[in-house]
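The values are calculated or read from the model by the stated rules, or taken from the named source; none is laboratory data. Only a predicted model underlies this, so the values are computations on that prediction, with no experimental measurement involved. Positions of Cβ are backbone-derived with ideal geometry, glycine not excepted, and every protein chain shown enters the neighbour counts. Areas reflect the complete protein model, heavy atoms only, side chains present, ligands, DNA and RNA absent. Shrake-Rupley method; radii C 1.70, N 1.55, O 1.52, S 1.80 Å.
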Amino acid sequence: MKKSTIVFITILSLGVGFASAWIARGLQPIKLEAGLWLGDNARALPDFKLIDHNGEDFDRDNLQGKWHLLFFGYTHCPDVCPASLQTMADMLKSISDSDVSNAIRVVFVSVDPDRDTPEVLKNYVQYFNPGFIGITGTEQNLNQLAKTIGISYFLDRENPEQVSYLVSHSSSIILINPSVEYAGLFRAPLSTLAMAEDLTKIIERN
Amino acid sequence: MINRQFQLLLSLILLMLALGAEAAPLNITDAWIKNLPPVVPMRAGYMQIENSSDTPYRITGVESEVFTTIDIHESIEKNGMMSMQPISSLVIEAGTTVKLAPGGIHLMMMEPKQVLKPGDRVNISLEYDNGSTQILQMTVRQ
């Protein structure tokens, strides 16, 4: 056999080997440290109609093309919401020199529209990170989105005139992929490091 | 004259230290307040409380000149939902440490009377059921 033929076959076999390893790696289910990856079970998010912290319409199309972390809460929540938003801000900061952080946007969905006007929301989310987006909407529209994602919340309010009240809500963070599908979730207690590792793994593989 | 004022001040400081030592049997460390933008009318406070004595201590009240009211709350997860419940009094059993931390027990500090920023220090007093109080300083953190 000619020397050049042997070299060609060797290169070809190496190429095929690397390619199959790469494909196999892509097919393996992703196991996360801090969350749950839905893989092929990712499901399309139905359309919804909310407004962002500038008072502009915010719907399904606004989630196209980037990975989104959706967290449901309210600004008058002193403990869990600031802790979750701070963890996400710290997580993005920890990977700020990678392309991964540019591929992710954090969206805070306020389920307390009476107190969380766009102006309040803007002040609040941008305190944690200037790139964070706050969205809210009518009770009906919020219910519709929360229901399709499997998020529950409850306003502990006896009447609409009551100004001081607490809100119970799911503390999970929902991961939406760039095709606007529900792709995974992270559960409390959140770890900055574990979330950064998981998201890097997911985004580099997809 | 200045000397007399200084002596008086020194005696006061010593007296306060003595009273503090008497009334502060619990070792409180890492006392901090999560900073938030002024648009939010409440803050959460955290700390670690160590009771190395042989008697339990019960915190029945928390006060500060910087906040309208301070309550003790606990974030509880039930059926996937986080909710907050007030704790009327917090018991630190003898020889134990209770940690107030994000996602658990915390101080619910309502309506700051001044704009707070990271690095600011806030004095608060803890009231115990035996009638004693303990003054401590909490640091506002990012």
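General remarks:
- Residues of region B:75-94 classified as within 14 Å of chain A (Cβ to nearest Cβ), assigned to a loop (DSSP other than H, G, I, E, B) and modelled with pLDDT of 90 or more, total: 0
- The single condition among (1) out of contact with any helix residue (DSSP H, G or I) (no Cβ under 8 Å at 6 or more places or on another chain); (2) part of a loop (DSSP other than H, G, I, E, B); (3) not aromatic (Phe, Trp, Tyr) that A:GLU119 does not meet is (2).
- Considering residues of region B:98-132 that are farther than 25 Å from A:PRO82 by Cα and in contact with a strand residue (DSSP E or B) (Cβ under 7 Å, 6 or more places away or on another chain) only, the residue nearest to the other protein chains (Cβ to nearest Cβ): B:GLU127
- Meets criteria (within 17 Å of the chain's Cα centre (by Cα) and under 19 Å from B:LYS78 (Cα atoms)) for A:SER172: yes
- A residue that is assigned to a helix (DSSP H, G or I), within 14 Å of chain B (Cβ to nearest Cβ) and either more than 23 Å from A:THR148 (Cα to Cα) or of a type in the set (Asp, Glu) (or both) can be found somewhere in region A:127-135.
- Filtered residues of region A:88-126 (kept if touching a Leu at 6+ places or on another chain (Cβ under 8 Å) and within 9 Å of chain B (Cβ to nearest Cβ)): A:TYR124
- Test result for A:ILE149, aliphatic (A, V, I, L, M), touching a His at 6+ places or on another chain (Cβ under 7 Å) and open to solvent by less than 20 Å² (accessible area, probe 1.4 Å): no
- On the stretch given as region A:153-174, residues that are open to solvent by 20 Å² or more (accessible area, probe 1.4 Å), of a type outside the set (S, T, N, Q) and either at positive phi or more than 12 Å from chain B (Cβ to nearest Cβ) (or both) total 4.
- Any hit, region A:130-139, residues being surrounded by 19 or more Cβ atoms within 10 Å (Cβ to Cβ), within 23 Å of B:GLU77 (Cα to Cα) and not small (Gly, Ala, Ser): no
- Helices (runs of 4 or more DSSP H) wholly inside region A:1-115 containing at least 3 residues that are open to solvent by 90 Å² or more (accessible area, probe 1.4 Å) and modelled with pLDDT under 95: A:3-27
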